[in-house]
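Everything below concerns the one structure shown next.
The values are calculated or read from the model by the stated rules, or taken from the named source; none is laboratory data. Note that the coordinates shown come from a computational prediction; the quantities given were computed from them, not determined experimentally. Cβ sites come from the backbone with ideal geometry, for glycine too, and all protein chains shown count toward neighbours.
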Amino acid sequence: MEEPDARAPLLQPRGDGLTAKGRARRAALVEWWVESKKLWEIVGPAILQRIALYGINVVSQAFIGHIGDLELAAFSIAATVVAGFNFGFLLGMASALETLCGQAFGAKKHHMLGVYLQRSWIVLLLFAAALTPTYIFMEDLLLLIGQSPELSRLAGQMSIWLLPQHFAMAMLLPLTRFLQSQLKNWVTAYTAGAGLALHVAVTYLLVHVVHLGFVGAVIAADMSWWLVVLGQFLYVVGGGCPLSWKGFSMEAFADFWEFIKLSSASGVMLCLENWYYRLLVLLTGYLPNAEIAVDALSICQTINGWEMMIPFGFLAATGVRVANELGAGSGKGARFAIIVSITTSVVIGLVFWCLILYFDDKIALLFTTSRVVLDAVHKLSVLLAFTILLNSVQPVLSGKPPLNLSVSMDPIRDVS
C-alpha cells in the first residue's frame, strides 16, 4: 500500500479561495469601480465648473443679505427675474453651438469649431444688446406691475450694475461649449474655480474695507465673471486649441440668418420652460410682507440651485458615457453606466436631504441673520429637502434639467 505524502496539505486549495458567488461579487465590484472612475473623470470637472460659476452669485447674495433684508430682496428680484430670464435666453441660444461643435468635432472638421464660436459670439452679443433695456428700465417695469416703490428703486439700481455680467455671459457661454465639445473640461473648471476664489476676496474688500455696500458686491461679481471669460479666451487664442482656432475669420458671417433662427428658437424654448420659476419670485413680491417672503424664497431657491449643479454634472456625464458605450456597440455597457450614475447621484442627494433636514433654518445663516427670515426658511426647509432629493434622480432618468423649486407661498404668508 502506497504511503501518503506527509507534506501534502489536509485541505486542497480551490483557486483563490472564493466561491463562485464571491468571485462574481468581486467582479461586479471591480466593474462598478471602473465605471465610477470613467464617470467621475467627466462629472468631476463638470460639477466643479458649475458649482464655482453658480457660487459667484451665491457669494454676492450672501454678502448683500448681511447688509439688509431689503437689499437681499432687491438683489433676488434683479438677479432672478431680469438677469435670470435673460441668462436663460442666452443659455438656450448657446445650446445650438453645442450641437454644431459636437458634430464638427466628430466629423474631424476642427476648423469649423472656431468659425461656429465666432458666429455664436456675434449672435449672442447682438441679442444681449437688444435685451439691455430690460436692465435699464427695470425700476419702471417693476413699478408698472405694482411692486413697492422702495423695492423697485433698489432692484433697478442693482440691475444697472448687473449689465457687465449680461455681456460676459454672451462671451462665456459659447467659449464653454467650444471647449467642452473638445473634451477640455478641466480648462473650464480651473478658470471657474479661480474666478470664485478671486470673487470672495474682492467682494470682502469692496464691501467691508472700501464700504461700497451692495454695489461693491455686484461690481466684484462683474469682475469675476469677466476674469473667467478672459481666462478661457486667452487659452483658446493663445494656442490651447491649435486645431480648432485658426484666428478670426469672415466665415463667421456665412449662414448667419440660419444660425440666428436656430439659436433664437433654442433660447425661446428654454425661457418657456423656466418662466414659472422666475415668475414665482416676482409674485412673492405682492405678499403683505414682501421683503421677508422674497428673501426666504430666494434663499431656498439659491440653495436648491447650487445643489442642482451636481445633478446637472451627472446629466452631462451620463450622456457622454451612454454615447460612448452605444458608439462601441455595447447596449449593456450603456445600461450599466446609467445604473451607476443614478445610484451615485441618489446617494449624494440623500446626503444633502439629511443635511437640510438636520440644519433646518441654520442653512440660511450664510445669507442673513434676520430672525424673521430664518423662521420663514424654517417653514420651507422640508419642502426644500425633498425637492433636492427628487432632483438627484430626475435629470438622469429623464435626460432633462432638474425640477425647479415650486414653493407654496402659504408658509411665508404667515410670517409677520
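Checking the range 345-363 against the condition returns a match, with at least one residue being farther than 15 Å from Ser36 by Cα and either hydroxyl-bearing (Ser, Thr, Tyr) or in contact with a strand residue (DSSP E or B) (Cβ under 7 Å, 6 or more places away or on another chain) (or both). Applying the selection to the range 34-43, what residues are at pLDDT 80 or above and either surrounded by 11 or more Cβ atoms within 10 Å (Cβ to Cβ) or more than 19 Å from Phe314 (Cβ to Cβ) (or both)? The answer is Val34, Glu35, Ser36, Lys38, Leu39, Trp40, Glu41, Val43. Leu212 meets all of the listed conditions (1) part of a helix (DSSP H, G or I); (2) surrounded by 13 or more Cβ atoms within 10 Å (Cβ to Cβ) but one, namely (1).
Summed over the range 91-122, residues that are surrounded by fewer than 24 Cβ atoms within 10 Å (Cβ to Cβ) and under 30 Å from Leu143 (Cβ atoms) total 2. Sub-6 Å Cβ pairs linking a first residue in the range 239-254 that is assigned to a loop (DSSP other than H, G, I, E, B) to a second residue that is small (Gly, Ala, Ser), at least 6 apart or interchain, are Ser244/Gly114; Trp245/Gly114; Lys246/Gly114, ordered by first then second residue. Every condition in (1) among the basic types (Lys, Arg); (2) over 28 Å from Ala46 (Cα atoms); (3) at pLDDT below 85 holds for Lys332 except the one numbered (2).
As a summary of the residue check, Ala155 satisfies the conditions (1) more than 22 Å from Asp222 (Cβ to Cβ); (2) touching a residue at least 60 places away in the same chain (Cβ under 8 Å) except for the one numbered (1). The numbered conditions (1) among the β-branched types (Val, Ile, Thr); (2) surrounded by fewer than 16 Cβ atoms within 10 Å (Cβ to Cβ); (3) farther than 29 Å from Gly156 by Cβ are all true for Val268 except (3). The single condition among (1) outside any helix (DSSP H, G or I); (2) over 30 Å from Phe256 (Cβ atoms); (3) basic (Lys, Arg) that Arg153 does not meet is (1). Inclusion of Ala217 among residues that are within 30 Å of Gly349 (Cα to Cα), surrounded by 24 or more Cβ atoms within 10 Å (Cβ to Cβ) and not basic (Lys, Arg) is not warranted.
I'd like the residue in the range 302-360 that is of a type in the set (Val, Ile, Thr) and free of Cβ contacts under 8 Å to residues at least 24 places away in the same chain and, out of all such residues, is surrounded by the most Cβ atoms within 10 Å (Cβ to Cβ). The residue in question is Val322. Checked against (1) in a helix (DSSP H, G or I); (2) farther than 17 Å from Gln180 by Cα, Tyr235 passes all but condition (2). Assessment of the range 200-211 against the conditions (under 16 Å from Trp161 (Cα atoms) and in contact (Cβ under 8 Å) with a residue 40 or more places away in the chain) yields at least one matching residue.
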